[in-house]
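Just so it is clear, none of the values below were taken in a lab; they were calculated from the coordinates. These numbers come from a predicted model, not from an experiment. With ideal geometry, Cβ positions are generated from the backbone for all residues, glycine too; neighbour counts draw on all protein chains shown.
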Amino acid sequence: MFAPYKLPEDEQVVGNVLQKIAKQLEIKYFMQAVGTNVGMPSGIVKLLGLDFRVYRVLTKEEARKILIESAELFLAVVNSDEAIRPYLKNYPFTRDNINIVLFITESSGEDAGVSTEFGL
């Protein structure tokens, strides 16, 4: 019988922070979190990112607004979270340390063939 795998504390903290950010952004912008990106060599967090599926076509201005406001919220959550701070390569975390990707799908379910990215 195998014992259940328990994530190391640093990975649990990162997962909790990303989950908190994803939930807030899903609600605010009516999009679905579909992936995470973590650059964490040797337990030091250098990069955090989230990928979202948006089920509507966005104008360039709408996409830009979502990305900028999402980045602001992302950084506010990371930088205010005391539990993650010891694991961050640099504090405060900056735009250079985050990545947000939007995969845009038309309401019919067809891939609009567009993705837009904020960050690295």
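Helix 60-80 and the long axis of the chain differ in direction by around 20°, with both axes built from C-alpha atoms. Inter-label distance, Asp111 to Ser80: 3.6 nm, where each label sits 7 Å from its Cα along the C-beta direction. Which lysines does Lys65 reach when only Cα atoms under 28 Å apart count, and residues fewer than 8 places away in its own chain are ignored? Filter leaves Lys20, Lys23, Lys28, Lys46, Lys89. Can you give the FRET efficiency for Glu61 and Lys23, using 1/(1 + (r/R0)^6), R0 = 30 Å, r = Cβ-Cβ distance, to the nearest 0.05? It comes out at approximately 0.75. Rounded to the nearest 20, the Cβ-based charge dipole of the chain about its Cα centre (Lys and Arg +1, Asp and Glu -1) stands at 160 debye.
Based on the mean of other beta carbon atoms within 10 Å per residue, what is the order of 21-29, 60-68, most packed first?
21-29, 60-68
Taking Cα atoms only, the orientation of helix 9-29 departs from the longest principal axis of the chain by about 20 degrees. For Ser42 and Glu69, the FRET efficiency from 1/(1 + (r/R0)^6), where r spans their Cβ atoms and R0 equals 41 Å, is about 0.80.
Placing unit charges on each Cβ (+1 for Lys and Arg, -1 for Asp and Glu) gives the chain a dipole about its Cα centre, and among Ala63, Phe2, Leu18 the Cα reaching farthest toward its positive end belongs to Leu18. Divide the volume of the convex hull around the Cα atoms of the chain by the residue count and you get 130 Å³ per residue. Of the residues Val45, Ser108, Met31, the one whose Cα sits farthest toward the positive end of the charge dipole of the chain, with +1 on the Cβ of Lys and Arg and -1 on the Cβ of Asp and Glu, is Val45.
Most simply put, region 11-109 has about 45% antiparallel DSSP beta bridges, counting only bridges with both residues inside it.
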